[in-house]
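What follows is calculated from the coordinates using simple rules that are stated; it is not laboratory data. It should be emphasised that the depicted structure is a prediction, and the values quoted were computed from it without experimental measurement. Every residue, glycine among them, receives a Cβ derived from its backbone with ideal geometry; neighbour counts consider all protein chains shown.
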Amino acid sequence: TLLKLYIYGYLNRIQSSRRLEKEANRNVELMWLLERLTPDFKTIADFRKDNGKGIKNACRSFIDLCRKMNMFSEAVVAIDGSKFKAVNSKENNFTPQKLKFHIDRFEKHIEAYLTKLDQADEADPNSEGKTTIAQKITWMKQRLAELKSMEEKVQNHPDKQVSTIDPDSRLLKTKGMTRAVCYNVQSAVDTKHHLIIAHEVTNTNDRGQFTRVAELAQSALDRKDITVIADKGYYSRQDIKNAQDTGVTAFVPKGDTSGSEKNNIFNKSLFRYEHDKDTYICPAGNELQYRFESIEKGLPLKVYFNIAACKSCPIRSRCTRAKRDPRKMRRWVHEEEMEAMQQRLNAVPDTMLIRKQTVEHPFGTIKAWMGSTHFLTRRFKNVSTEMSLHVLAYNLKRVINVLGVKALTGAIQA
């Protein structure tokens, strides 16, 4: 009964337990649905808090039903992350930079007030203003001690960040350079019907999440050979390879983060790789041979260079800023897989447009239902439960729009 109440609430933009309590007492539809039961807000809230596993299973079971109805026949999904505001505000989130700024500011204020106190003492030792200044100094010293204590906590935290209201939330980039204390909800969306087949609440950025979300999608679809599309924020060579090793066909564009063009030197893209000879051809037409293998940032890389050619090259100044060392090219040992993925992307230029049309739709709908607000709960466990209710309500309404009520109820009864 309480699950029905919550599904009705999330379908009709009523997520608060107190508002659901009111609706149960005055809404005719809910009176019929709950058989005239009128649970209070504490009972409603406790159900969501204590039955997270069951609610997630209900969300997963609905996807299983959709799979049995053959709604995921194409097995093509788009994944993306979207930031949802947490209960925690920016004022109650602390980072090393923020604490340094506040500590410096308070120390300057204390110094300024001490100067004022000395001046007041010289002018009139019995002045009443001295008491007020002394009280302000005492308060600021107390606040400074609190900030330094918080600074120690932040430095000892693995993420170098502390949120005091919702400890699991993090300060993340949302749009452009804007930052907010939020969660990053990862989702895998079916490109055919725009159903959310898998989701997970995280507090990190998208990079490094590709394999994890792809595996959730494989589990939901009950098959390994699926196609997964993502934007360049997910591009991580090792992460993509790990996903492809499980049977995934990946489509992730590579972003060019090189600063070569800004420094007025040749970009790596101008160096052509020759597969047959295992060499690079530089813009001057010289061959850069394979010399040795190195490990950088945990990745095994093959290093290519040509000392003799670089030494006498007429356009060396446009290739490297090093005075003696030659221009070196580094190639990951599994780079062929990334090149093959890029060829697939080039062959289907509309892939990124399909991704955007697919994965932005559910996020936009859910955020419109939520309104300009945040998650109502705190901590990973409760926020994940709340997100599962959002996803279940969205998927339910989406299937009704696609198939109709009769077809859905018929499948449930079957």
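Enumerate the pairs (first residue in segment 387-414 and of a type in the set (F, W, Y); second residue anywhere and surrounded by 18 or more Cβ atoms within 10 Å (Cβ to Cβ)) with beta-carbon separation below 9 Å, excluding pairs fewer than 6 apart on the same chain, so at least 6 apart or on different chains.
Y394/Y10; Y394/L195; Y394/I196; Y394/P362; Y394/I366
Per-residue answers, yes or no, for (1) surrounded by fewer than 17 Cβ atoms within 10 Å (Cβ to Cβ); (2) within 30 Å of P300 (Cα to Cα); (3) not hydrophobic (A, V, I, L, M, F, W, C):
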{"site": "R327", "(1), (2), (3)": "no, yes, yes"}
{"site": "D350", "(1), (2), (3)": "yes, no, yes"}
{"site": "E360", "(1), (2), (3)": "yes, no, yes"}
{"site": "K367", "(1), (2), (3)": "yes, no, yes"}
{"site": "H374", "(1), (2), (3)": "no, no, yes"}
{"site": "R378", "(1), (2), (3)": "no, no, yes"}
{"site": "V383", "(1), (2), (3)": "no, no, no"}
{"site": "V391", "(1), (2), (3)": "no, no, no"}
{"site": "N401", "(1), (2), (3)": "yes, no, yes"}
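With the condition kept exactly as written, say whether any residue in segment 28-47 is in contact (Cβ under 8 Å) with a residue 60 or more places away in the chain, within 30 Å of the chain's Cα centre (by Cα) and within 25 Å of F380 (Cβ to Cβ). I'd like the intermediate steps shown before the answer.
At the first step, the residues of segment 28-47 found to be in contact (Cβ under 8 Å) with a residue 60 or more places away in the chain are none.
No, there is no match, as no residue in segment 28-47 is in contact (Cβ under 8 Å) with a residue 60 or more places away in the chain, within 30 Å of the chain's Cα centre (by Cα) and within 25 Å of F380 (Cβ to Cβ).
D256: free of Cβ contacts under 8 Å to residues at least 24 places away in the same chain and in a loop (DSSP other than H, G, I, E, B), yes or no? Walk me through it before giving the result.
Values: free of Cβ contacts under 8 Å to residues at least 24 places away in the same chain: yes; in a loop (DSSP other than H, G, I, E, B): yes.
Against the criterion (free of Cβ contacts under 8 Å to residues at least 24 places away in the same chain and in a loop (DSSP other than H, G, I, E, B)), D256 qualifies.
How do the pairs read when you match residues in segment 340-361 that are charged (D, E, K, R) with residues anywhere that are crowded, with 16+ Cβ neighbours inside 10 Å, using Cβ under 6 Å and keeping only pairs 6 or more apart or on different chains?
Final answer for the pair search is R355/A78; R355/I229.
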